[in-house]
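In what follows, a structure is listed as structure tokens, so that the remarks can point back to it.
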Amino acid sequence: MEKGRILLAVTGFHPQRWRELLSAEREVVLEPDGASDPSITYAVVWKQKPNLLSSLPNLRAIFSIGAGVDHIFADPGLPDVPIVKVVADNLTQHMTEYVVWRVLDHHRQGLLYRSQQPKKIWHEPQQRPARDISVGIMGLGSLGRAAASVLLSLGFAVNGWSRSDKAMESVATYSGEAGLIPFLKATDILVVLLPLTPDTKGIINYGVLKELRKRNGLGGSVLINAGRGRLQKDADILRALDDGTLKEASLDVFEVEPLPKTSPLWRHPKVFVTPHAAATSDPVHLAPIMLRQMDAFERGEKLDNLVDRKAGY
Ligand code: NDP
Ligand code: OXD
């Protein structure tokens, strides 16, 4: 069987490196070329233009450049072909680093020390053991579970929340709507690693933040969101920070990205901002995985890491 051609369609960054690496084994057409091209078999995409994919008469599979696929579902004319998401050690490792970095910074009072240093204040707050802090991970998927394992090894108590029942050794797991409030009430540091779907949009709102455990060794509850910006309501986070519902927040994602220069989140003293950089898709690691999957698919094997179209992730 002839090797299928790839359409590379990305918005928001220069796809040169992806093109070079994918072209090592297959012909690659770079959008804006390629629309309606019957010789295209695969699309490798990040925020592709609406209705581009439906114009390809012989498209057999769509590969997302990221772990999240909400950018693909945003296309009103999405054709009914398999969608593959990124699951890769390299990306998982980066996300675990980000989560552990932010949890440890909040746990070890990084904000307080950074505020003391310019004033030359020599003051040591009380140190609490990690086991007194419970980290609740919303989204116990490939990224959430990896982060949970490392947090457990550091001694934190870990809770997890998912759509379906999930078991993980030493993790207190909760699921579905019924499990949400009990999960929040048992959580000091909330880590959000959910996909953006119609069910999860806006889930990080004031009402949810209000349920987090506040009387804890940290002196308040903390939010870390590295999932998607539209899971949260930026204004509700600001309100929660300002009235003490939240002690601090680390945000990697925002309702509007790049975060507008006018957003109060940029200069809020209790917020740590990163520019959607928790775990960047690295073409050096990911392009070979995609190429291997295309080869396997052409040998008649099943594609891995398929998106559940009904669930939207
Ligand atoms: P997975 O698909 O492996 O896991 C998703 C998890 O979320 C699953 O546990 C799933 O439940 C749970 N979930 C989905 N919908 C709901 C719901 N309605 N209620 C409760 N739980 C729900 O995804 P990944 O771990 O690979 O990635 C998670 C997200 O991280 C991506 O979708 C992306 O948005 C984001 N991301 C952000 C990056 C960044 O740089 N900031 C980088 C990479 C990813 P169940 O187990 O029952 O299916
Ligand atoms: C992803 C991302 O979904 O980078 O992989 O946000």
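Could you sort the peptides 57-63, 22-28, 245-251 by per-residue average Cβ neighbour count (10 Å cutoff), highest mean leading? Mind showing how you got there, number by number?
Working: 57-63: 18.6, 22-28: 16.3, 245-251: 23.6.
In decreasing order of mean packing, 57-63, 22-28, 245-251 become 245-251, 57-63, 22-28.
For the range 92-171 and the range 246-260, write down the distance between their C-alpha centroids in whole Å.
18 Å
Can you list the trypsin sites (Lys or Arg not before Pro) in the range 85-125 that are in a DSSP coil and have 12 or fewer other beta carbons within 10 angstrom? Show your work: numbers first, answer last.
Details: sites: 85, 102, 108, 114, 119, 120; in loops: 85, 108, 120.
Answer by residue number: 120.
When only C-alpha pairs under 8 Å and at least 6 residues apart count, what is the relative contact order of the range 38-129, in percent?
22 percent
Which net charge results for the neighbourhood of residue 6, defined as the other residues with beta-carbon distances under 15 angstrom from its beta-carbon, given Lys and Arg at +1 and Asp and Glu at -1?
Working: positive: 3, 5, 17, 19, 26, 60, 292; negative: 2, 20, 25, 27, 31, 33, 37, 295, 298.
Result for the local shell: -2.
For Cα pairs less than 8 Å apart in space and 6+ apart in sequence, what is the mean separation divided by the residue count of the range 22-88, i.e. the relative contact order in percent?
On the way: 100 pairs, mean separation 20.0, N = 67.
Relative contact order, the range 22-88: 30 percent.
If you add up the charges near residue 188, with Lys and Arg at +1 and Asp and Glu at -1, over every other residue whose beta carbon is less than 13 angstrom from its beta carbon, what do you get? Walk me through the numbers on the way to the answer.
Working: positive: 128, 131, 185, 213, 214, 215, 247; negative: 132, 211, 248.
Around residue 188, the charge tally is +4.
Under unit Cβ charges (Lys, Arg +1; Asp, Glu -1), what dipole magnitude, rounded to 20 debye, does the chain have relative to its Cα centre? Let's see the in-between values first.
On the way: 38 positive and 35 negative charges, 216 e Å.
It works out to roughly 1040 debye.
Highest first, please rank the peptides 282-293, 254-265 by the mean number of other Cβ atoms sitting within 10 Å of their residues. Please report the intermediate quantities before stating the final value.
Working: 282-293: 17.4, 254-265: 13.7.
Ranking the peptides 282-293, 254-265 by packing returns 282-293, 254-265.
For residue 175, what residues show an amide H to amide H distance below 5 Å, using hydrogens built from the backbone and excluding near sequence neighbours?
162
Using Cα positions and a limit of under 25 Å, work out the lysines in reach of residue 120, with same-chain residues fewer than 8 apart set aside.
In chain and number order, the partners are 247, 270.
Just so you know, all these numbers are worked out from the coordinates, no wet-lab data involved. Note that the coordinates shown come from a computational prediction; the quantities given were computed from them, not determined experimentally. We place every Cβ from the backbone using ideal geometry, glycine too, and count neighbours over all the protein chains shown.
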